[in-house]
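Colleague: Encoded as structure tokens, here's the structure I'll be asking about.
The values are calculated or read from the model by the stated rules, or taken from the named source; none is laboratory data. Just so it is clear, the model here is predicted, and its values are computed rather than measured. Using ideal geometry, Cβ is built from the backbone for each residue, glycine included, and neighbour counts are taken over all protein chains shown.
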């Protein structure tokens, strides 16, 4: 499928494969983390997008035809496992889905929960159907990533924020049992995803340094991230790990999780991340999704891209350009076009650092 108006020489799949195997590539891979923004490009509301595999797939196909970006991201995000276990979601017409009823909101009894069936539970079948549709259309051209919540974020979507934060201090054994349930409930679904050839991205906003201390992260979140990532490695390549917010005090722990790449929030300085962990793991990030993409202009986007490239283009284990978090739904399309144009203009390989100034 030809994307008009680009100077690309390689397809996204060719580009990313070359990047990951140490071969020459035409330009830096770039992921605009489109998420729900894709719905508007196909004329759907976000609620329609989230409740129809056909509309979800059509949205991402239309988005690729529009932007020519390097990754397509599907998946239920941080609430998907909790939904499959019984939490109820709300679907605003043009807003991000939210948990409106927590399956464990008034209980600490885990005995009634069975491991969700990846082909029947919640919206798991819808996401697998959407993945099949996108893969059939674009799987030979574009890498497809599947986004799922980390254990602590899945636990939040079962329990609620206030209750879970109290549990960390008052009921630590219960939290460990809950996190173990979340890992066991995630793996069968991801096995089905891996059978379809998609890469896996773990998003874990509740593990953010903006919400819990490094000590709590190491006590509760990290052991179960390790467990999940190790198990994923038995049936596919290690996943990318994204934790929102300020993670500079746990960057080393994120590497220790076994993740194949770290997707970093724009709260992190890429120069510092490169110095701390760039010799150990692929770094991905971190154009500002709010200030540059949503509220900014094409020039704001260009300057942010150049700044990211200047700081991290020479990271020893590699650097991919992406947003620091998911793209806001109502981001002007011209700013996404500016992002991709900047990747093509300034990220040509081999890199020319003078272009970043």
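Colleague: Show the residue pairs meeting these rules: Cβ distance below 8 Å; 6+ apart or different chains; first residue within the stretch 248-277 and on the phi > 0 side of the Ramachandran plot; second residue surrounded by fewer than 19 Cβ atoms within 10 Å (Cβ to Cβ) and outside any loop (DSSP other than H, G, I, E, B).
Modeller: Listed pairs, sorted by first residue: 258/226; 258/230.
Colleague: Look through 339, 327 and report the one residue that is in a loop (DSSP other than H, G, I, E, B), on the phi < 0 side of the Ramachandran plot, crowded, with 20+ Cβ neighbours inside 10 Å and within 21 Å of the chain's Cα centre (by Cα). Can you show your working first?
Modeller: Numbers: 339 fails: in a loop (DSSP other than H, G, I, E, B).
Residue meeting the stated conditions: 327.
Colleague: Continuing with the same structure: Can you pull out every residue in the stretch 239-280 that is assigned to a helix (DSSP H, G or I), under 21 Å from residue 29 (Cβ atoms) and touching a strand residue (DSSP E or B) at 6+ places or on another chain (Cβ under 9 Å)? Walk me through how you get there before you give the answer.
Modeller: First pass over the stretch 239-280, keeping only residues assigned to a helix (DSSP H, G or I): 248-256, 270-277.
Now drop any that are not under 21 Å from residue 29 (Cβ atoms), which leaves 254-255, 270-271, 273-274, 277.
Hits for the stretch 239-280 are 254, 255, 270, 273, 274, 277.
Colleague: Additional query: Among the residues of the stretch 31-68, how many are outside any helix (DSSP H, G or I) and under 15 Å from the mean Cα position of the chain (by Cα)?
Modeller: Of the residues in the stretch 31-68, 4 are outside any helix (DSSP H, G or I) and under 15 Å from the mean Cα position of the chain (by Cα).
Colleague: Would the stretch 272-283 turn up any residue that is modelled with pLDDT of 95 or more and under 16 Å from the mean Cα position of the chain (by Cα)? Explain how you work it out, then say what you get.
Modeller: Step one: list which residues in the stretch 272-283 are modelled with pLDDT of 95 or more, which gives 272-283.
Filter once more, so that each one left must be under 16 Å from the mean Cα position of the chain (by Cα): 282-283.
Yes - at least one qualifying residue is present in the stretch 272-283.
Colleague: Under 7 Å by Cβ, and 6 or more places apart or on different chains, what pairs join a residue from the stretch 332-345 that is touching a residue at least 24 places away in the same chain (Cβ under 8 Å) with one that is outside any helix (DSSP H, G or I) and surrounded by fewer than 17 Cβ atoms within 10 Å (Cβ to Cβ)?
Modeller: Pairs found: 344/6; 344/7.
Colleague: Does the stretch 14-23 contain at least one residue that is touching a residue at least 60 places away in the same chain (Cβ under 8 Å) and touching a helix residue (DSSP H, G or I) at 6+ places or on another chain (Cβ under 8 Å)?
Modeller: Checked the stretch 14-23: no residue is touching a residue at least 60 places away in the same chain (Cβ under 8 Å) and touching a helix residue (DSSP H, G or I) at 6+ places or on another chain (Cβ under 8 Å).
Colleague: Where in the stretch 125-238 are there helices (runs of 4 or more DSSP H), lying fully within it, with 3 or more residues that are buried (at least 20 other Cβ atoms within 10 Å of the Cβ), under 18 Å from the mean Cα position of the chain (by Cα) and at pLDDT 95 or above?
Modeller: Hits in the stretch 125-238: 151-159, 172-195, 222-232.
Let's see how each residue does on (1) at pLDDT 95 or above; (2) surrounded by 24 or more Cβ atoms within 10 Å (Cβ to Cβ); (3) under 30 Å from residue 160 (Cβ atoms):
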| residue | (1), (2), (3) |
| --- | --- |
| 26 | yes, no, no |
| 31 | yes, yes, no |
| 39 | yes, yes, yes |
| 44 | yes, no, yes |
| 47 | yes, no, yes |
| 51 | yes, no, yes |
| 66 | yes, no, no |
| 72 | yes, yes, no |
| 81 | yes, yes, yes |
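Colleague: Being assigned to a loop (DSSP other than H, G, I, E, B), surrounded by 15 or more Cβ atoms within 10 Å (Cβ to Cβ), modelled with pLDDT under 95 and over 21 Å from the mean Cα position of the chain (by Cα): is that true of residue 9 here?
Modeller: no
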